[in-house]
Amino acid sequence: LPFDNKSEFQVVVDMPEGAALEETGRVLDELAAAIAVLPEVTDYQIYAGTSAPINFNGLVRQYYLRSGPELGDIQVNLVDKHDRDRKSHEIAVAVRPVLAEIGRRHGASVKIVEVPPGPPVQAPLVAEVYGPFPAAQREVTAAVRKVFDATPDVVDVDDSLQSGRRRVVVSIDRQKAAMLGVNQSDAVQALTAGLGGFDATYEKRISRGQLQ
């Protein structure tokens, strides 16, 4: 189908697995700064760690299921098509290299998603790899991705492979802990707070008017 001239496009960001929400937010801010200089942009909304409101593409691509500290979206709105010289596709093509370079610097996958002129699809080109052994799946997927990367006019290539991550196992010496008067549950709670945080208490703010 030919490209349409829409009043919006979306930037979908996948940071490396395990990235903190604050890191994702900083990358989204940097991407948004590059978008804000476009004369056709009226406004944008940033969503870090969660999905943007459901849109036409999201009906098929299930963007509403995107949730996690390493995920983010930027919803970009453009001026009316009668008030600009460039079509929405031309704007997306022009800004893509800048956004892709920012993504490369941070190890992130950055995709510009345009509203399709017809029914939404998973992607213009999709390759599905099946096999009984995970190692072979990863090898074939990497080979297929290289073909996509080397193909002219193919952009925003991504895959669903999960990167490996280190696993740290903490073993508590119960005898030594007991001698020091440390309960095992207290040690677990301390580790949980240090790695993931918890709500220690709640703060209530009182305005000056309420004090009077």
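For the reader, a short list of remarks on this structure follows.
- Selected residue (criterion: farthest from residue 76 (Cα to Cα)) from residues of the range 86-144 that are of a type in the set (Lys, Arg) and assigned to a helix (DSSP H, G or I): 138
- The condition (being touching a helix residue (DSSP H, G or I) at 6+ places or on another chain (Cβ under 8 Å) and either among the acidic types (Asp, Glu) or farther than 30 Å from residue 30 by Cα (or both)) is satisfied by just one residue among 187, 135: 187.
- Residue 145 among the basic types (Lys, Arg) and modelled with pLDDT under 85: no
- Filter result for residue 49 (modelled with pLDDT of 90 or more and at positive phi): yes
- The test for being part of a loop (DSSP other than H, G, I, E, B), open to solvent by 60 Å² or more (accessible area, probe 1.4 Å), modelled with pLDDT under 95 and not small (Gly, Ala, Ser) does not hold for residue 22.
- A Cβ distance below 8 Å, combined with a sequence gap of six or more or placement on separate chains, defines the contacts here; from the range 149-160, residues that are farther than 17 Å from residue 97 by Cβ reach residues that are of a type in the set (Ser, Thr, Tyr) in the pairs 159/141.
- Tally, over the range 1-14, of residues that are under 12 Å from the mean Cα position of the chain (by Cα) and open to solvent by 10 Å² or more (accessible area, probe 1.4 Å): 1
- Of the residues making up the range 61-85, those that are open to solvent by less than 60 Å² (accessible area, probe 1.4 Å), within 28 Å of residue 16 (Cβ to Cβ) and either of a type outside the set (Asp, Glu) or in a helix (DSSP H, G or I) (or both) are 61, 63, 66, 68, 71, 72, 74, 75, 76.
The values are calculated or read from the model by the stated rules, or taken from the named source; none is laboratory data. Predicted, not measured: the structure shown is a model, and the values here were computed from it. Here the Cβ is made from the backbone with ideal geometry for all residues, glycine too, and neighbour counts use every protein chain on show. The area values use the complete protein model at the heavy-atom level, side chains included, leaving out ligands, DNA and RNA. Shrake-Rupley method; radii C 1.70, N 1.55, O 1.52, S 1.80 Å.
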